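Taking it in order: structure first as structure tokens, then the write-up.
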Amino acid sequence: MRNEFDFAPLYRSSIGFDRVFNLLNNAQRPQAIDAWPPYDIVKTSEDAYCIQMGVAGVAGADLDITQERNVLIVTGQKPEEKDVDYLHRGISGRAFERRFELADHVRVETASLTNGLLSIDLKREIPEAMKPRKIAIGDGSQPQTTPLQIDAEEQQVA
């Protein structure tokens, strides 16, 4: 038995969290488990991550890495070998697509393919405006300065 949560009450009292609710809804849906290609996600520092995928037999030219907004899509397809008679085929040659949901402000730094291991380095870069800042507390003796304003009426074109 599977319980599904209804996020409708949260939509009424929150603004700007649509993406979070969509992620939670997607996580609730049963998805086909596809173990190809195998991958690891490694946290290399406070704001850096690395996705490592085992893509044996796939060349760099046959891989495609795309970042669309907050989704990283890795696709690959091993070209078919003609005139090959396999007695046993244990290395998968099928096409694949793997999607990773990325948090805001996470971007791909580099990607490399070494010995059948695709490594994608990611970094979270928080904009200056969103970083915590220290607010000075005044003693109240100095008058507050009013912000400068531009009057639209004073700007006349000659």
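If the cut-off is a Cα-Cα distance under 24 Å, which lysines reach Lys123, setting aside same-chain residues fewer than 8 apart in sequence? Excluding near neighbours in sequence, the set is Lys43, Lys131. Take each peptide in 69-78, 110-119, 86-95, 126-135, count the other Cβ atoms within 10 Å of every residue, and average; sorted highest first, the result is 69-78, 110-119, 86-95, 126-135.
Using 0.36 nm per residue and subtracting the Cα-Cα separation, the extra length available between Cys50 and Asp64 on full extension is 3.4 nm.
So how strong a dipole does region 26-118 carry about its Cα centre when Lys and Arg Cβ are +1 and Asp and Glu Cβ are -1, to the nearest 20 debye? Walk me through the intermediate numbers first.
On the way: 10 positive and 15 negative charges, 42 e Å.
It comes to approximately 200 debye.
Taking a sphere under 11 Å around the Cβ of Asp121 and counting the other residues whose Cβ falls inside, with K and R at +1 and D and E at -1, yields a net charge of +1. Measuring with a 1.4 angstrom probe and ignoring ligands and nucleic acids, Glu101 comes out at about 110 Å² accessible.
The values are calculated or read from the model by the stated rules, or taken from the named source; none is laboratory data. All values reported here derive from a predicted model rather than from experimental measurement. For neighbour counting, all protein chains shown are included, and Cβ atoms are generated from backbone atoms with ideal geometry for every residue, glycine included. Just so you know, the surface numbers come from the protein's heavy atoms only, side chains and all, with ligands and any DNA or RNA stripped out. Shrake-Rupley method; radii C 1.70, N 1.55, O 1.52, S 1.80 Å.
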